[in-house]
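First comes the structure, then the notes that go with it.
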Amino acid sequence: MGYNGQSAEQHFDGLIDEVRVSSTTRYSASFVPPVAPFTTDPATVALWHFDETQGDIAIDATGAHSGHLGGSQGFGGSAPVRAPVPCIADMPN
């Protein structure tokens, strides 16, 4: 996750604390953020909590897709991690 490559100024400037990839549709109505961390289930393909406090490995709760954070971004301090993410409107088709 990062900027769109064309301009370092076009990015989501916020915090991401949970990312889940699923093999099914999760929400058919407006999304209401949960008050507790997501949990894995049979439809969970990958789930990153971003609760690590050091290093540069993002741990996938399913055990299948942990990986290094790109660039110079790493964990240091406390969660959630602050990282620039492209806006959907900036993504190429």
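Table for the structure above
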read-out	value
Order of exposure, largest accessible area first, which applies to Ser30, Ser66 with probe 1.4 Å	Ser30, Ser66
Other-chain or far-sequence residues with amide H under 5 Å of Ala46's (modelled H)	Val21
Karplus-derived 3J(HN,Hα), 6.51/-1.76/1.60, for each residue of segment 24-38, Hz, glycine and proline x	9, 6, 9, 10, 10, 10, 4, 7, 10, x, x, 8, 10, x, 4
Rounded accessible area of Leu69 (nearest 10 Å², 1.4 Å probe)	40 Å²
Rule-of-thumb Rg ratio for segment 9-67 [Cα; 2.2 N^0.38 Å; N residues]	1.26
Difference of contour (0.36 nm per residue) and Cα-Cα distance, Val45 to Ser66	6.4 nm
Where Thr53, Thr25 fall by accessible area, highest first, once all protein chains stay in place (1.4 Å)	Thr25, Thr53
Where labels lie 7 Å past Cα in the beta-carbon direction, separation of Val19 and Ile59 in nm	1.8 nm
For Ile59, net neighbour charge (Lys/Arg +1, Asp/Glu -1) across residues whose Cβ lies under 12 Å away	-4
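The values are calculated or read from the model by the stated rules, or taken from the named source; none is laboratory data. These figures come from a predicted structure and were not determined experimentally. Methodologically, a virtual Cβ is constructed for each residue, glycine included, from the backbone with ideal geometry; neighbour enumeration extends over all protein chains shown. Keep in mind that these areas ignore ligands, DNA and RNA; they rest on the heavy atoms of the full protein, side chains included. Shrake-Rupley method; radii C 1.70, N 1.55, O 1.52, S 1.80 Å.
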